[in-house]
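First up is the structure itself, then whatever we jot down about it.
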Amino acid sequence: KTTGSRRARTCSSTCLRGEDAEPDSRSLPSLTPRSSRHADKHLSSYVYTFISDRPVKSIKAKMRALTHRTSLADLEATLIRLNQIQRGWANYFRHAVATHTFKHLRRFLWWRIVRWLQTLHRWRWGALRKHLTDHNGRWKPISAGEVTLFNLEKVGITRYRYRGAAILNPWQGQQ
C-alpha cells in the first residue's frame, strides 16, 4: 500500500508483494523495482529501479553526524570524509532512477554545511554569502584548502543497455 507522495514513488518490497504488514529491516532491498507504463498504450510496461528509503535515511544520518552545528571539527577533514561517502554511495546507486535523489541529497548537505559554518563563525546570511560567492555574485562550491565538496548532481546516471548477442552464451564455444 502506498500513502503519501514519497511512498508512492518508492514503495517497499511489501508493496510489490501486496502485503499489508510492515517488513522487518533485514528484508528491505536497497533498490526497489517498480513497473511503469508509457504514454503509448501499445508499448509494454518497463521496470524501473528506484532507491529505497532506508539507504537515503542511512546516508543522511552519516551526513548529520559529520556536520553537527556545534562541531569544532576541521572543515577540510570533514569535506574529505563527506566526499568519500558521497562518491561511494553515488557509484553504487548510479544505475537506478536517482537523479532527483542525488539532487535532494546535494541540497541537503549544502544546507547542513552552510548552517554549520554560520554557527561556527557566527556569520549572518550576508557574511556567509560574501564568503561563498565570487565578485560577480555567483555561488562558489564549498571548499577548504585543496578540497572541494563533491557535487552529487554531476554523477551520470547510466542504464544497462541491451547488448543482445554481444553477451556470449556459456554453452557456445568462444568465437
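What follows draws every value from the coordinates through simple rules; no lab data is involved. Everything numeric in this text was worked out from a predicted model, so none of it was measured. Positions of Cβ are backbone-derived with ideal geometry, glycine not excepted, and every protein chain shown enters the neighbour counts.
Restricting attention to segment 70-167, which GluC sites (Glu not before Pro) occupy a DSSP loop and are surrounded by at most 16 other Cβ atoms within 10 Å?
Taking segment 70-167 and a limit of 16 other Cβ atoms within 10 Å, the loop GluC sites (Glu not before Pro) found are 146.
Any chance you could run the full-extension gain for residue 84 through residue 125? It's 0.36 nm times the residue separation minus the Cα-Cα distance, nm to one decimal.
11.9 nm
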